[in-house]
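What follows is a set of notes on a single structure, which appears directly below.
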Amino acid sequence: MSVTVSYVLVADSMSTEGLRPLLDDPRIEVVQKKPSELDSLEDFVALVVRSATQVDEALLLRMPNLKIVARAGVGVDNIDLDAATKHGVIVINAPDGNTISTAEHTFAMMMALSRNIPQAYASVKAKEWNRKAFQGMELRGKTLGIIGFGRIGSELSKRAAAFQMSVVVYDPFLTPERAKKAGVTLVDLEDLLNQADVITVHTPLTKETKGLLNEETLKKTKRGVLILNIARGGIIDESALQKAIEDGHVGGAALDVFVNEPTDNFDLISLKQVIATPHIAASTHEAQESVASQVSYEIAQVLNGAPATHS
Ligand code: MLT
């Protein structure tokens, strides 16, 4: 008896171990290529992406048999959800596979920023020995302001507690009971801006969160505040941040994400108070295997007739 094969296009680089549920299924054929490398996309019924591929209407029009788009990660901002709905395509993501990696990267960036580690590293590599130039700040006793208390924000608060930091949280969806249970203080945005020594954002990029930290809101922060964006480019207005650093109001920033990626905002990242990484918070073996396997299981299920869980 012949088996009908379902074609799955994996458009961005993905953990092979994580793709096992698809690679090992005899009813599924996986093609790992960018859409631009293929003449025809008509046979594909599933598409797997990270953040590099833009799933827009033009791409969906090239894939008339597409049933499901899977984002091996959390943010679905590179997928045109309205166009997917219009074309009857299910969109799924992997909501928790990279939580720990992202929380750990945030903490690593916070420590690197507060102790000037990248700057000191560059100086030693340049054969300098300048112990005076890199005086930092202890985290103990400082207030961490977390904007957005989902999975990542919550993991971050546990790590902050181990460093004896107090944590204030702004999240319109967080109940006082959950905040109490997590050992954090729920405040409004204004109070968070006034109180925090370090501010980190962990929200998706939406109409409501775009430019949440802007010229106005940055003015309300403490002088010398450290700011982190390990979530999505655009939640912090890049020119307002640059100005606040140049004015000496913001003490420094750690950025893993940018409005445009790869970033071309060298005016901002070349400031000595800014440290940056190229959107790698989720780039660990563990997280990549986990997100790829979460979406692979789900695609295999959907192609075999079961409903999607994370749509
Ligand atoms: C995510 O949305 O999961 C992260 O930004 C990581 C990624 O883009 O792969």
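Any read-out appearing in this document is the output of simple, stated calculations on the displayed coordinates, not a laboratory observation. All values derive from a computational prediction rather than experimental measurement. We place every Cβ from the backbone using ideal geometry, glycine too, and count neighbours over all the protein chains shown.
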Restricting to the range 1-39, count the residues that are among the small types (Gly, Ala, Ser), touching a residue at least 12 places away in the same chain (Cβ under 8 Å) and farther than 15 Å from Val55 by Cβ. 4
Return a yes/no flag: does the range 148-166 have any residue that is exposed (fewer than 11 other Cβ atoms within 10 Å of the Cβ), of a type outside the set (Asp, Glu) and not in a loop (DSSP other than H, G, I, E, B). yes
One residue from Thr85, Thr53 being out of contact with any Pro (no Cβ under 6 Å at 6 or more places or on another chain) and away from the ligand (no atom under 14 Å from the Cβ): Thr85
Close pairs from the range 278-290: first within 14 Å of Ala94 (Cβ to Cβ), partner more than 11 Å from the ligand (Cβ to nearest atom) and of a type in the set (Asp, Glu), Cβ under 7 Å, at least 6 apart: Glu289/Glu17
Every listed condition ((1) closer than 30 Å to Ile230 by Cα; (2) out of contact with any Lys or Arg (no Cβ under 8 Å at 6 or more places or on another chain); (3) charged (D, E, K, R)) holds for Asp39 save (1)
Tell me which residues, restricted to the range 125-140, are more than 27 Å from the chain's Cα centre (by Cα) and assigned to a loop (DSSP other than H, G, I, E, B). Ala126, Lys127, Glu128, Trp129, Asn130, Arg131, Lys132, Ala133, Phe134, Gln135
Name the residues in the range 56-71 that are touching a residue at least 40 places away in the same chain (Cβ under 8 Å) and within 16 Å of the ligand (Cβ to nearest atom), would you? Ala70, Arg71
Single match in Gly136, Gly97 (criterion: within 16 Å of the ligand (Cβ to nearest atom) and out of contact with any Pro (no Cβ under 7 Å at 6 or more places or on another chain)): Gly97
